[in-house]
Amino acid sequence: MDFPNCTEGVFATSSSDYDSLEAAGLPTSKILLTLTLSIVAILTTVINCLVITAIVVTRKLHHPANYLICSLAVTDLLVAVLVMPFSIIYIQKESWDMGQVVCTIWLSVDITCCTCSILHLAAIAIDRYRAITDAVEYSRKRTGARAGVMVAVVWLLSILISLPPLLWRYHSEDSEQEDQCIITHTHLAFTLYSTLGAFYIPLLLILILYYKIYRAAQTLYMRREASRASRHSCMTNGSMIPSTYPAGDGDVDGGPRSPEPLSPPEKSVSEPSTEEREKVRVPVKTLKSKSRRRESHRTESRRCQMYQGPRISGSRERKAASTLGLILGAFVICWLPFFVKEVIVNTCGACSTSVEMADFLTWLGYLNSLINPLIYTIFNEDFKKAFQRLIRCKVRCY
């Protein structure tokens, strides 16, 4: 992501040095670096294409939550196709030889797509938080149209954040540097605007939401423990058949059921005597008592069923929270070093980074576009099955 000053003072060599480099051929280290970065770009393209295709062709994945994931994959695919190849050429040649028009387009796509990828993670965190904390109400509002609105807002914010750096470039000396394609500035307000909007505010939002999701998962886990205690009480205080499953792993339909009551005795056809009437009254009273106990058992059984929902939901949401935590960890590791460098370099006049370090931090951020779909592949069973079907289909076709 060639954000403001992300490849500062870079890739400028004299023409004589460049000619000698061309005559001698590329060094082995440069060839290996080019191959490595090309492999990263290809893998990012293939995996994000798999995610998009899986969501499009698999009916089970046609869910509003997955629309955000699909939009994230499209954004990461744009980074892989429109940003990474030009960056590889830039690093290999150590100067920009494709003209300022192409440079402007590349910078626009670079900043916008990388910012959009980051904001998508914040949007997914918001969606997951609402789905956990307000499940019943949000399930009604969680429609495809609402997901489309969220995607549109994310793209609009990304454009608003990335537009000022591009406009700044036309009013500075950057556009006059024909052999470079960078944006440099020294204004503190401009640095804060670009870095806060593109990274630090989304990071803070994701951290807060992830913490609340974790607390909500803990609450659901405590409800599951209460469910276990309630089921134990149901089985010990009532005449209910104990489940053969361990506590917490019983039947999803509502747990153990009460046994069927004894069938009433058959009446004699002849008119019963007084003594016989007294004998008949006892089973009738017993039958009424058993009927009341049966109703009581059913009430307790329904109460046990009510606790089954949080138990299942808690298991699913804890898994979702763990997945979100991995996404957050990958996001912080990939992008935090780059944006810390941005703040330090653009606010400290005596501070600078080497060309190699600037390239490394930029590509570390690009790597997040490869990691995002991998996380969904590993931890989402529906995606894994869809990927397996797609891969088997492609193998058969070939």
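Read the figures in this text as sums done on the coordinates, not as results from a lab. Treat the numbers as computed from the prediction; the structure is a model and nothing was measured. No Cβ is skipped: glycine too gets one built from the backbone with ideal geometry, and neighbour counts run over all protein chains shown.
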Residue 215 to residue 26: FRET efficiency via 1/(1 + (r/R0)^6), r the Cβ-Cβ distance, R0 56 Å, to the nearest 0.05?
-> 0.55
In nm, to one decimal, how far is the modelled label at residue 153 from the one at residue 352, with both set 7 Å along Cα→Cβ?
-> 4.3
Once fully extended, how much extra length lies between residue 142 and residue 379, figured as 0.36 nm per residue of separation less the alpha-carbon to alpha-carbon distance?
-> 83.1 nm
Rounded Å value of the spacing that divides the Cα centres of region 139-167 and region 366-393 = 24
Give the calculated FRET efficiency between residue 65 and residue 42 to the nearest 0.05, with a Förster radius of 22 Å applied to their Cβ-Cβ distance.
-> 0.20
Net lengthening on full extension, residue 133/residue 222 (0.36 nm per residue, minus Cα-Cα) | 30.5 nm
FRET efficiency for residue 163 and residue 189 from the Cβ-Cβ distance with R0 = 22 Å, rounded to 0.05, comes out at 0.90
Which order do peptides 126-135, 96-105 fall in by mean Cβ count within 10 Å, highest first?
-> 126-135, 96-105
Pairs 93/341; 141/212; 212/384; 30/341: which are spaced more than 26 Å apart, C-alpha to C-alpha?
-> 212/384
